[in-house]
Amino acid sequence: MLKKSFLAVLTLLMLTALMLTACGNKKDEMSAEEKQKIIDDGTVGFEMNGGKITKAENIPADEEKAIIAAFNEYIAAFNSNEIDRYMQTISKNPKGFNYEEDKKYTSEVFKQSDVKRDAKDTTIIKYNANEAQVHSNLTVHLVQTKTNVKHESAGQQVTVFVKEDGRWKVTSVFYMDDTKSSTGK
């Protein structure tokens, strides 16, 4: 029984990590060095100002509204466990993961668990006409339906959006676990 619980917990931790960073493809997967270079170059990152997240100042009001609406739909679609609705929030040509693999993986997550994401303090930290980065404090609540094992984790996420056919779509996700995780029955 202990072995089964340990395996369930380990599986849930791996599911959560994969789910938050999207499903990687060996061909598209970024190495730690590549991710660090992106952060160092300022392509994506956590803009901190005295310990606080700094909102981008150059966002037109209508674009800010559209980006926040796209982020909220991304979270709501995931929480609804509706794979087609969720995939409508994802870029057809994402960076850092494969669209079809993400669809397959997310479908399996929906079948095997009850999972919800709660996003708080959502802030657009970088913006240009074709790309926006949205920072949020994210808590994931996951219950594996077969074993009823529960897992909760919290961290910071930067969700990168691109304009695709005039709409904002998720192209990559960067997650930093704040190590406030708990697992148990």
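The values are calculated or read from the model by the stated rules, or taken from the named source; none is laboratory data. Predicted model, so just to flag it, every value in this text is computed and none were measured. For neighbour counting, all protein chains shown are included, and Cβ atoms are generated from backbone atoms with ideal geometry for every residue, glycine included. What goes into the accessible areas is simple: the full protein's heavy atoms, side chains included, and nothing from ligands, DNA or RNA. Shrake-Rupley method; radii C 1.70, N 1.55, O 1.52, S 1.80 Å.
Things worth noting here:
- Residue-wise HN-Hα coupling along the range 116-132, computed from phi with Karplus coefficients 6.51, -1.76, 1.60 (Hz; x: Gly, Pro): 9, 10, 10, 10, 10, 6, 6, 9, 7, 9, 9, 8, 9, 4, 10, 8, 9
- Checking the Cα-Cα distances for 55/163; 116/146; 111/150; 52/111; 65/111; 126/150 against a 27 Å cut-off, the pairs over it are 52/111; 65/111; 126/150.
- Rolling a 1.4 Å probe over the protein heavy atoms leaves residue 64 with an accessible area of roughly 50 Å².
- The charge dipole of the range 64-137, taken about its Cα centre with unit charges on the Cβ atoms of Lys, Arg (+1), Asp and Glu (-1) only, comes to about 80 debye.
- Accessible surface ranking that places the most exposed of 176, 87 first, with a 1.4 angstrom probe: 176, 87
- Net charge over other residues, Cβ less than 12 angstrom from the Cβ of residue 109 (K, R count +1; D, E count -1): +2
- Selected from 170, 130, 151, residue furthest toward positive end of dipole (the range 130-176; charges at beta carbon): 151
- Exposure of residue 165 as accessible area (Å², to 10), given a probe of 1.4 Å and all protein chains: 150
- The phi torsions of the range 168-177, fed into the Karplus equation with coefficients 6.51, -1.76 and 1.60 and a -60° offset, translate into couplings of 7, 10, 6, 10, 7, 9, 10, 10, 10, 5 Hz, rounded to whole numbers, with Gly and Pro shown as x.
- Solvent-accessible area of residue 89 with every protein chain in place, 1.4 Å probe, in Å² to the nearest 10: 10
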